[in-house]
Structure formats: C-alpha cells, structure tokens
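K.L.:
Before anything else, here's the structure in question.
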Amino acid sequence: FIQMLHSAKKRDVLQLLRRAPEEARPFLVEAAVATQSVASLAALSDFLDFSQEPKSLLEKFLYAAAFSPRPSGELLQLVLDKLDGKQLAPEIWETGIVAVGSLVGKLCQQKLCGLQQVVERGVETILRGLRGAQQEPKVVVSLLALGNARLPETIPTLLEHAEDGPTAVTTAATSALQRFPAPHISSKVKQVMRRIFHQKRKSYDKTCRLAAAEILLDNHPLPMDVINILLATTEMDTEVATFLLLKVQNSLRDHHHLARKIMKDIMGDPRINNYNFFSKGGISSSFSGPLAVTQDLTSTFGLDLLFLEGGFLRKSVSDFSLLSHGQRLRAAQVTFEAQGMESMMGENLSEGEEEPELTAGMAATFFDVQLRPIVFFQGYTDLMAKVLLSSAEPTSVVRGNLLLMDHHQVIPLQSGLQVTVRLQGGLGLDISADMDVSIWEQELKTSVNARGSLAMDFQAELDSPLLQATLRSQTEVETSIHFDTKLRFSSSPVLMCLQLREEQVPYR
C-alpha cells in the first residue's frame, strides 16, 4: 500500500481517505503517515480536522507519527500545526505532546537538530506546555515527552522537577531521566539522585527513591554509591529493602550490566555480602533473564514487583527488551501502579510521608516511545463506580500498524552493472491491559495481552540490456504473549500467582 502511495498525487490520497469506509480509515491514515511523501502529508493535513474527527482516528494519526522510524521535519510540522492553538480534548493533547517528544528525539538522532527550525519549535511547544501547566497530569505528560525526546539540554529542567515536585511529578521526571544513555548521566545528575535517595532535603515516595537508586546503579556507579545504597537498606521498609537487594543481585547475573565488575568487587567484602544484609523477608521481587539468545541479538524479559508492608501490590513492571552490539531497545514495558491503598488496608504511613490519593493507573513504553498514561480510577468514589459498573473489557493500550523500515539503495558492482535493493518491514500490534480490584473478595488482578505480527519484504534486482535477475524473500512471524498477575490479600501471607503464556510462533 505504501509503495502505491509513494507515486500517488495529493488529490488521489485525499479522495481515498474521504471515500473509504469508516473501519478502513485508521489503516489508510497509518499508511499515509508511513509514506511521508509531500502529497500524502498534504492530503492528511486537509483531511484531519482536530475539532471534529473521532478521537480514536486522531490518536491513530499521532501514534503512527510517534512510531515512525525515520520521521521527516515535514511530519513534525504537520503534527505541530494540528496541535497549535486549538481547544483539544485532554487525551488528544497528551497523545500529541508525547508524539512531538518522540519525533524531536528521532530527528535529533538523525543529526537534524540544528538544521531544522521545526525541531526547535517542537522543543519549545513541550517546554511551553510544561511552564503553563496548571494541573499535575499536564506537567507529568510534558515530562514524559521530554523523556521521549532525550535532549541533553533538558536535563536541568528534569532535575528541578525530580527534586522539588510532588510525588507524581518526581516519578515522571526520574523515569524520564532513566531513559537517557549513560554518557548523559553526569556527576550533577548523580548528585541530585543521591539527595533524593537519601532524602537530604525532604521525604520522597518509595518509588521515587527506588528510581533514583536505579539511575545510580545502572550508570557506571561509584563503589561508594553502591555501598551507601546497600547500607541504607538496613533502615528501610522490608519490602523496599528486599526489592533493592534483588536489583543489586540481578546486576551480578547480567553480563551486559555496566556495574557488574564493581558489584563483584563489593560482594567480595564479607562485611557487606553476609546474611545480615541479604536475609530480608519481603515478598517484593525483581527478576530479569533471557527469552531468546542468538549471536547478534539477546531478547530479555524482566519483572519487578514492589509490595506494601501489608502485602498489597504498589507497582509492577514487566519489560521486554532487545540487546544488540551494546545497544538496548525497550520493545515493550508495561507498568501498573496503585497508590493510597495503605489507608484502605489500615496501614500506617512512614514518618514524613504525605498520604496520597487513592489511584491506580498504567504507563506503557513501546519501541522506546512512552505513551500517555492511562488512569483506571482516581479517588474512592471513582473506584466504587468502576467496581460496580465494570465492563470487563480490557483497556486498549496501542493497536495499529507500524512501518519499521523502508530502505531503497542502488549498489554499483565491480562488473559495471547495478543492483537495486529494497527492504520493507511492517509490524502489526494489538496490546491491551486490564486491572481489576475486588474489594469484597480482596483480590487484585492485572493482565497484559500483547499480539504482534511482523512482515519483511526483501528484493534485489539486477537489470542490464543483456540480462535481468531478481531475488526476492518474504518473511512473516506472528506471536502472542499474555502476562497475568493475581493477588489475594484476604489472608497472611498474601497469595500470589504470576503467569506468562506464550502461544506458538508461526514463522513463514
């Protein structure tokens, strides 16, 4: 379809979009975004009306732009024009801002930062949204957009919000900082993370302190940082201490971890590597291990579960990553978070800790693009309404078709002949998630269903007056992964069931 659109005129693309049946429009919008021709972008500009179109179609357009592997400045220009100066639904604005962050980041990776003014306009749009945000959710989404962009010049802004903001803002800023590569985690960043972890200026939420510790541990840590973090676990809640100690032990098993050698040296000291330190009896866990290993690629699955002292799940993170030649791609990461459950369970808060509002939500990252967060419920009244009116329908996180590559190259051979090479790859994704809290049965269930299909088309063509030869290969793979957690906290100890199911993988 994209090959066809490459040669289509604006009039034809526009006619196609307008005349297509409603159920086919999302696919056509994705294809037009992936094509990125002048004609297809101009047609999209005329066709998409952000004041009238259904939200689902507008989100489809914005996510298709965010996932574009090599976006053009014109695509970013189109997204900014559509967002500029309009009264938008909150979820469309949020999706738009995270898409702008992703586009800015990818254009800068292509070394187009200083060459195109539209990139500066994109950064300014995010920062203006951050400065003008009156409500916490807007601040959070703007910080996540900066995490998508990963621009070193925005690190001071992220540090300021990480250290001085309320819990949700601190969490968003530290998670954005976690996405920067190790060379950008400077001594100043580490200094702020130390202050957050050791609570030098004020009290911080458990998850913020853990994120700060992870930044220190994952980016060429100093031996003293590792020792101080380990020493601090003796004064922490059992669950947080258990979680942190497992993180340290994981890094010893991970051959790609930047701190592996330092950890091994520290673990050689019996004053630290002893029963007194590592015998914490919490049920929180942190695990990471390989799913598939080839000569060039390692696919890993990681699972973090942080519990409250009473056994309620505070945060769960399931992570699927790809490692190749020193590069890491976060293929899929889904985070469930529940706050304010302490008061419901009759638990006491830690000294100096403010009581958070009862909320539960989810955040997802796919192919290194952070999506806008989804809130399941906010406040006790909302929870009861959701429990009573539950539709039992999972929440769709992302569904659609993404172009992974569209490569065209002419190679001159020593014989004087030329070979034309074309490589295209597309991915179909359908990911949904669900969180179900049963107050009466005292159960919590979460489930993530990820279905994907990958298609690759390779063609090499030799054309000369004497002969013509074509080599073609087509590959298709389908996969489906279901990850479920079920917790029953009516008795002690808490009963927990985790299930990771992978269906058969057809490969053609």
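The values are calculated or read from the model by the stated rules, or taken from the named source; none is laboratory data. As the structure is a computational prediction, the values presented were derived from the model and not from experiment. FYI the Cβ positions are ideal-geometry reconstructions off the backbone, even for glycines, and counts take in every protein chain you see. Side chains are part of the model used for accessible areas, which takes the heavy atoms of the whole protein and leaves out ligands, DNA and RNA. Shrake-Rupley method; radii C 1.70, N 1.55, O 1.52, S 1.80 Å.
K.L.:
Please report the Cα spread of region 391-507 along all three principal axes, rounded to whole Å, starting with the longest.
P.N.:
On the principal axes, region 391-507 reaches 80, 24, 19 Å in Cα extent.
K.L.:
Taking all protein chains as present, what is the carbon and sulfur share of the accessible area of the chain, in % to the nearest whole number, probe 1.4 Å?
P.N.:
It is 51 percent, rounded to a whole number.
K.L.:
Beta carbons within 10 angstrom, averaged per residue: use that to sort the peptides 274-285, 426-437, highest first.
P.N.:
In decreasing order of mean packing, 274-285, 426-437 become 426-437, 274-285.
K.L.:
Ok, one more. If the cut-off is a Cα-Cα distance under 22 Å, which lysines reach Lys264, setting aside same-chain residues fewer than 8 apart in sequence?
P.N.:
Correct list for Lys264: Lys190, Lys247, Lys280.
K.L.:
Let me ask something else about it. Considering just Cα atoms, how many Å³ per residue does the convex hull of the chain enclose?
P.N.:
Dividing the Cα hull volume of the chain by its residues yields 182 Å³.
K.L.:
Dipole of the chain, Cα-centred, from +1 at each Lys and Arg C-beta and -1 at each Asp and Glu C-beta, to the nearest 20 debye?
P.N.:
1200 debye
K.L.:
Can you tell which of Ile431, Ala149, Gly416 lies farthest toward the positive end of the dipole of the chain, using +1 and -1 charges on the Cβ of basic and acidic side chains (Lys, Arg; Asp, Glu)?
P.N.:
The Cα lying farthest towards the positive end belongs to Gly416.
K.L.:
Summing -39500 (n - 2.57) over the DSSP H runs of n ≥ 4 in the chain and dividing by its residue number, what mean residue ellipticity at 222 nm do you reach, to the nearest 500 deg cm²/dmol?
P.N.:
The helix-only estimate for the chain comes to -12000 deg cm²/dmol at 222 nm.
K.L.:
With all protein chains present and a 1.4 Å probe, how do His482, His325, His161, His198 order by accessible area, largest first?
P.N.:
His325, His198, His161, His482
K.L.:
Which one, Gly289, Thr300, Ser279, is farthest towards the positive end of the dipole of region 261-311 when Lys and Arg carry +1 and Asp and Glu -1 on their Cβ?
P.N.:
About the Cα centre, the residue reaching furthest to the positive side is Ser279.
K.L.:
Find the percent of Cα-Cα distances in region 96-158 that exceed 14 Å, and round it to a whole number.
P.N.:
Here the tail beyond 14 Å accounts for 50 percent of pairs.
K.L.:
Follow-up. Using only protein heavy atoms and a 1.4 Å probe, report how much of Arg253 is accessible, in Å² to the nearest 10.
P.N.:
Approximately 140 Å² for this residue.
K.L.:
Okay, next question. Kindly sort Cys208, Cys108 by accessible area of their heavy atoms, largest first, with the probe set to 1.4 Å.
P.N.:
Cys108, Cys208
K.L.:
What is the percent of Cα-Cα separations in region 127-206 that go past 14 Å?
P.N.:
Pairs farther apart than 14 Å: 58 percent.
K.L.:
In percent, how large is the relative contact order of the chain, given Cα pairs closer than 8 Å and 6 or more residues apart?
P.N.:
7 percent
K.L.:
Please list, or write none, the aspartates and glutamates whose alpha carbon is within less than 16 Å of the alpha carbon of Lys55, excluding same-chain residues fewer than 8 places away.
P.N.:
Leaving aside aspartates and glutamates fewer than 8 places away in the same chain, those within reach of Lys55 are Glu22, Glu23, Glu30, Glu91, Glu94.
K.L.:
Compute the Kirkwood hydrodynamic radius of region 460-508, taking the inverse of the mean of 1/r over all pairs of distinct Cα atoms, and give it in Å to one decimal.
P.N.:
Evaluated over region 460-508, this radius sits at 16.0 Å.
K.L.:
What are the trypsin sites (Lys or Arg not before Pro) within region 148-204 that DSSP puts in a loop, where the Cβ has at most 16 other Cβ atoms within 10 Å?
P.N.:
Taking region 148-204 and a limit of 16 other Cβ atoms within 10 Å, the loop trypsin sites (Lys or Arg not before Pro) found are Lys200, Arg201, Lys202.
K.L.:
Right, another one. Per residue, what accessible area does the chain have, given a 1.4 Å probe and all protein chains present, in Å²?
P.N.:
Ligands and nucleic acids excluded, the figure is 50 Å² per residue.
K.L.:
If I histogram all Cα-Cα distances within region 12-60 using bins 5 Å wide from 0, what percent of pairs lands in each bin?
P.N.:
Histogramming region 12-60 at 5 Å steps yields 4, 22, 36, 29, 9, 0 percent.
K.L.:
Which one, Gln459, Gln87, Leu252, projects farthest toward the positive side of the charge dipole computed for the chain from Cβ point charges (K/R +1, D/E -1)?
P.N.:
Gln459
K.L.:
For region 1-134, what is the per residue volume of the convex hull drawn over the alpha-carbon atoms, in cubic angstrom?
P.N.:
Cα convex hull per residue, to the nearest whole number: 102 Å³.
K.L.:
Top to bottom by accessible area (1.4 Å), largest first, where do Phe336, Phe1 land?
P.N.:
Phe1, Phe336
K.L.:
How large is ³J(HN,Hα) for each residue in region 111-121, as worked out from phi by the Karplus curve 6.51 cos²θ - 1.76 cosθ + 1.60 (θ = phi - 60°), to whole Hz, x for Gly and Pro?
P.N.:
Couplings: 6, 10, 4, x, 8, 10, 5, 5, 5, 4, 5 Hz.
K.L.:
Show me the ranking of peptides 372-379, 315-322 by mean Cβ neighbours inside 10 Å, starting with the highest.
P.N.:
Ranked from most to least packed, the peptides come out as 315-322, 372-379.
K.L.:
How do 83-89, 18-24 rank on mean C-beta neighbours within 10 Å, highest first?
P.N.:
83-89, 18-24
K.L.:
Would you tell me the accessible area of Thr446, worked out with a 1.4 angstrom probe on the heavy atoms of the protein chains, in Å² to the nearest 10?
P.N.:
10 Å²
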